[in-house]
């Protein structure tokens, strides 16, 4: 009898542990870094410098240098003012003694040439676009690519028009100041960066011609979907892209115009944030957790970081997004991941409401070494999807088709602001086959719809050790069906 009671107690204990919902604190440690007293630090850019110094640029045009941000005890960080008087920089990096910044009106570089701790050389690299003082005329810039090129994206005037030259366009600018228009059709970017392969991506926000926010591949010569800046094609001597038909669907319009680039990954509004921002990829080769090479996207309104898996199918980027890190104290704009796997984020809520309770913050997140049970990758197949996992799955639950629920929808491609979810479908998971090593599952799905977001809820499966998924909901944008 005693043995039976003991066994029952152990089983109940194990079940109770398995039922405990995973939390971010189980896997990642987030700390707030103290800021200079009395300063308004609405951070728009972060750059990593030698000697473990971190530079931040604020939306009010200040550049500060932080020492001690990598230390276990961040209460003793030291700040020094490096520059003032810049114009809302959204993009900054360090190279060979200079800080390069993408500001509203130009790309600039700064240097302290007399070693007194303050910038005394300010040089304009390039200023190919115009501004008129409108609040929404933001411009975001990347680090240099392998060839030394910076890529920029400029928001439309008032987030809907082109009241200044080259609004809604991207430029490629080299460090010598040469530049060329790169792509068009941009609406309201929140950040720009690269994937592991070196291709350029940016986040565009829900609004006119954007049914929901999304991560978009900034393809050379591509049209990203918003026609407000089409008039600048005439300057290049190129025919303007055809005006898309309002009320249509992206899948229909891209057949009419092959240069129309569909969103690589749609971030369903309200389900996966609603204001995506910075774009980086995990270059740490496993130091930041089991997602090496994947893309991380900042989120301003929900104060989160999302995780994105990308693949190319028939030459078009697509993939899946999962919620990832949360609990930040204000809305994230820039992200910067160091090689030692310190994720620095800068936040602000001015002009855009945000969760977290603070108007701005500077924060650091590190992985504690414990591997979460997660869907690692979600790849499209001709008849379904293949999932990989960070840990071996329980064969019984993972092999049961009832453990998976799927829904699909798309958005109206229209001139009006945003779109509800439309053209709903209910794909059915007919079978789930678990690999011998337990690290992947092949789903055969009936009713997939090209051009739709496919929401997969895998809440019914467990790991081999009885853990539930940290994030059970993934959203795959199916631009192309593999042959």
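Before moving on, here are some points about what is shown:
- With Cα atoms defining each centre, segment 282-361 and segment 392-419 are spaced 21 Å apart in the structure.
- Rounded tilt (10° steps) of 2-19 against the dominant C-alpha axis of the chain: 30
- Solvent-free Debye scattering, log10 I(q)/I(0), computed from the Cα coordinates of the chain at q = 0.07, 0.08, 0.11 Å⁻¹: -0.38, -0.49, -0.90
- Sorting 189-200, 77-88 by average packing, meaning the other beta carbons within 10 Å per residue, from highest down gives 189-200, 77-88.
- A Förster radius of 22 Å combined with the Cβ-Cβ distance from residue 197 to residue 285 puts the calculated FRET efficiency at roughly 0.90.
- Förster radius 56 Å - calculated FRET efficiency between residue 127 and residue 396 (Cβ-Cβ, nearest 0.05): 0.35
- Debye intensity ratio in log₁₀ form over the Cα atoms of segment 138-202, taken at each q of 0.13, 0.19, 0.26 Å⁻¹: -0.33, -0.68, -1.11
- Protection proxy ranking, peptides 316-328, 389-401, average beta carbon neighbours within 10 Å, highest first: 316-328, 389-401
- With the helix formula -39500 (n - 2.57) applied to DSSP H stretches of n ≥ 4, the chain reaches a computed 222 nm mean residue ellipticity of -1500 deg cm²/dmol.
- The packing ranking, built from the mean of other Cβ atoms within 10 Å per residue, places the peptides 284-290, 153-159, 55-61 in the order 153-159, 55-61, 284-290, highest first.
- Taking other C-beta atoms within 10 angstrom as a stand-in for reagent exposure, 329, 256, 442 fall in the order 256, 442, 329, fewest first.
Every read-out reported here was derived from the displayed coordinates using simple, explicitly stated rules and does not represent laboratory data. Owing to the predicted nature of the structure, the values given are computational and were not obtained by experimental measurement. Heads up, the Cβs are rebuilt from the backbone with ideal geometry, glycines too, and the neighbour counts pull from every protein chain shown.
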